[in-house]
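Beneath this line is the structure, given in structure tokens, with notes to follow.
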Amino acid sequence: MPGYTGTKDDYLKRLRRVEGQVRGIARMVDEDTYCIDILTQVAAVTKALEAVSLGLLEDHLAHCVVEAAKQSDEAGAAKVREASDAIARLVRT
């Protein structure tokens, strides 16, 4: 079971809000809105997705990594490596 199961509805609510924001950005482009205004909205969407990412990462560490570490050192190390790789991907963006 994923670590975010308890907060799944919150994540879905946030993602639906982001989806609406992205549709709004597309509408702004279609309507030839001023570039800076579009960039402001893109920055807001980016921040919202970052918040989702950080929440998922925290849930992963608190649940998946901790549970794997309880099973064995090897399983724990594998989950830590997996989390480190995910963090590296997030930092690159």
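Among the residues that make up the range 16-35, is at least one of them modelled with pLDDT of 95 or more, of a type in the set (Lys, Arg) and within 11 Å of the chain's Cα centre (by Cα)? Scanning the range 16-35, I find no residue that is modelled with pLDDT of 95 or more, of a type in the set (Lys, Arg) and within 11 Å of the chain's Cα centre (by Cα), so the answer is no. Among the residues of the range 64-86, those identified as surrounded by 14 or more Cβ atoms within 10 Å (Cβ to Cβ) and either in contact (Cβ under 8 Å) with a residue 24 or more places away in the chain or basic (Lys, Arg) (or both) are CYS64, LYS79, ALA83, ALA86.
Within the range 19-33, no residue that is touching a residue at least 60 places away in the same chain (Cβ under 8 Å) and closer than 10 Å to VAL45 by Cβ sits with its Cβ atom under 9 Å from a residue that is basic (Lys, Arg) and not in a loop (DSSP other than H, G, I, E, B) at 6+ positions apart or across chains. Residue selection: TYR11 satisfies the criterion of being surrounded by 12 or more Cβ atoms within 10 Å (Cβ to Cβ), at negative phi and of a type in the set (Phe, Trp, Tyr).
Any idea how many residues of the range 51-63 are exposed (fewer than 15 other Cβ atoms within 10 Å of the Cβ) and in contact (Cβ under 8 Å) with a residue 40 or more places away in the chain?
Applying the first criterion (exposed (fewer than 15 other Cβ atoms within 10 Å of the Cβ)) to the range 51-63 yields 51, 54, 58, 62.
Now restrict to residues that are in contact (Cβ under 8 Å) with a residue 40 or more places away in the chain: 62.
Number satisfying all stated conditions: 1.
For the range 1-58, filtering for residues that are more than 19 Å from ALA83 (Cβ to Cβ), among the aliphatic types (A, V, I, L, M) and touching a helix residue (DSSP H, G or I) at 6+ places or on another chain (Cβ under 9 Å) leaves 11.
The values are calculated or read from the model by the stated rules, or taken from the named source; none is laboratory data. Just so you know, these numbers come straight off a predicted model, no measurement behind them. Virtual Cβ from ideal backbone geometry, glycine too; neighbours counted across all protein chains shown.
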